[in-house]
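Below you'll find the structure, written out as structure tokens, and then a few comments.
The values are calculated or read from the model by the stated rules, or taken from the named source; none is laboratory data. Keep in mind it's a predicted model, so treat the numbers as computed, not measured. Every residue, glycine among them, receives a Cβ derived from its backbone with ideal geometry; neighbour counts consider all protein chains shown. Side chains are part of the model used for accessible areas, which takes the heavy atoms of the whole protein and leaves out ligands, DNA and RNA. Shrake-Rupley method; radii C 1.70, N 1.55, O 1.52, S 1.80 Å.
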Amino acid sequence: MYHTVRPKIKTSEFSARLQLRSLHSPPKVPELRYVCTCGTCVATSEGYVEAREGALLFRSLAFECRGQHVICPDCEQALGSKHESLHFLHRDQIQSRTDKLEVLVCSLKQQEITEISQVIAGIFPCEVRSRLLLKAELRQFTALPGKPELVVVVHRHEGRALLTDRNGFYHEVLGTAWKQTRGNVLVVLTRAEPQAAGDLYDKRMLHSLSTQGDQPTMGVLSTAGRVLTWTSSPSAEQLQQILMLMTKAYFHESIHVAGIPPNWIKPQAHKAAWCALL
């Protein structure tokens, strides 16, 4: 099952890097992305200056450039060079993207998918797609539909929560998502309220899951800010966190977290030899 949930909220122009001004305002259209051939966002229209023969000029990039060479922070491919205050990126090494952020919401229950999809669509301009999971397919899960940039796994907490690691329902789904999105995943537990106001998740429950429930990966994900729990709707702090995670996914930031299962990490087949750039 795979369909699109389209937001009903009108959008307007905006920079995705700005903080959320009002949690009740419509999502705003972020600037144009310029991505490396590996998919990593290296610049945006906010820093764009002009086009010249064979190169695009930017006054700023989406990452810090050190030295005279511009190197993709993810695949280490040579992209161009820096001269004084301008960055010259080769046209054949980058491409512009005008599409919205693609989010995939997965769950064993359709109601959870519907509820979180409506929340996500109102935070950041995106195409929200969904996948209703079946328990029978979870152990052999190897690929997600489409090319999602952020994957949200939602679970309704109804007692014992088996989420990750040896007995977890979603371990293979999350591992597959981590590889496909370079770590841009989010786990949401509903019917589980944080114990303290302002917390992103129920710290007592997550501590128990990671230390006594044989699910250490949940502890890793929660420490990395990629687990949220709420009863029926997210708090203002949780909405801010979702916005931040969606922004990271929009810019294709590679997420590196210590303690993530090794088989979740996609091996890099080749690092470009950037020393032969210019």
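Per-residue 3J(HN,Hα) values for the stretch 207-215, derived from phi via the Karplus relation 6.51 cos²θ - 1.76 cosθ + 1.60 with θ = phi - 60°, read 5, 5, 4, 7, 9, 10, x, 6, 9 Hz in sequence order (x marks Gly and Pro).
Close amide H pairs (under 5 Å, H built 1.01 Å from N) link Val70 with Leu79, Gly80, Ser81, Lys82, residues at least 5 positions away or on another chain.
Do you know the relative contact order of the chain, to the nearest whole percent, from alpha carbon pairs under 8 angstrom that are 6+ apart?
Working: 545 pairs, mean separation 52.0, N = 278.
This gives 19 percent for the chain.
Under the convention that each Lys and Arg Cβ holds +1 and each Asp and Glu Cβ holds -1, the size of the dipole of the chain around its Cα centre is about 340 debye.
What FRET efficiency, computed as 1/(1 + (r/R0)^6) with R0 = 35 Å and r the Cβ-Cβ distance, is obtained for Leu132 and Glu76, rounded to the nearest 0.05?
Values: r = 38 Å, r/R0 = 1.10.
With R0 = 35 Å, the Cβ-Cβ based efficiency is 0.35.
The spacing between the stretch 48-67 and the stretch 170-215, judged by their C-alpha centroids, is 38 Å.
Tell me, what is the per residue accessible area of the chain in Å², probe radius 1.4 Å?
On the way: 13960 Å² over 278 residues.
Roughly 50 Å² per residue, with all protein chains present.
Of all the accessible heavy-atom surface of the chain, with the other protein chains kept in place and a 1.4 Å probe, what percent is carbon and sulfur?
Working: 7070 of 13960 Å².
Here carbon and sulfur together make up 51 percent of the probe-accessible area.
Each peptide among 130-143, 161-174, 188-201 gets the average number of other Cβ atoms lying within 10 Å of its residues, and from highest to lowest they stand as 161-174, 188-201, 130-143.
Under the shape rule built on the C-alpha gyration tensor, where the axes satisfy a ≥ b ≥ c, the stretch 188-249 is oblate, since a/c reaches at least 1.5 while a/b does not exceed b/c. Note on the chain: Lys pairs 8 or more places apart or on different chains, Cα atoms under 18 Å apart, count 15. Treating r as the C-beta distance of Asp92 and Ile265 and R0 as 30 Å, the FRET efficiency rounds to 0.55.
The slack between Thr114 and Thr142, meaning 0.36 nm per residue of separation minus the straight C-alpha distance, is 7.7 nm.
Between Thr98, Thr229, Thr247, the residue with the greatest mean-square fluctuation in the GNM of the chain (Cα pairs under 10 Å linked by springs) is Thr98.
The GluC sites (Glu not before Pro) of the stretch 56-119 that DSSP puts in a loop, and whose beta carbon has at most 16 other beta carbons within 10 Å, are Glu64, Glu76, Glu84.
Would you work out if the chain is rounded, prolate or oblate? Take a ≥ b ≥ c from the square roots of the eigenvalues of the alpha-carbon gyration tensor; rounded if a/c is under 1.5, else prolate when a/b is larger than b/c, oblate otherwise.
On the way: a/c = 2.07, a/b = 1.60, b/c = 1.29.
It is prolate, given that a/c is not under 1.5 and a/b is the larger ratio.
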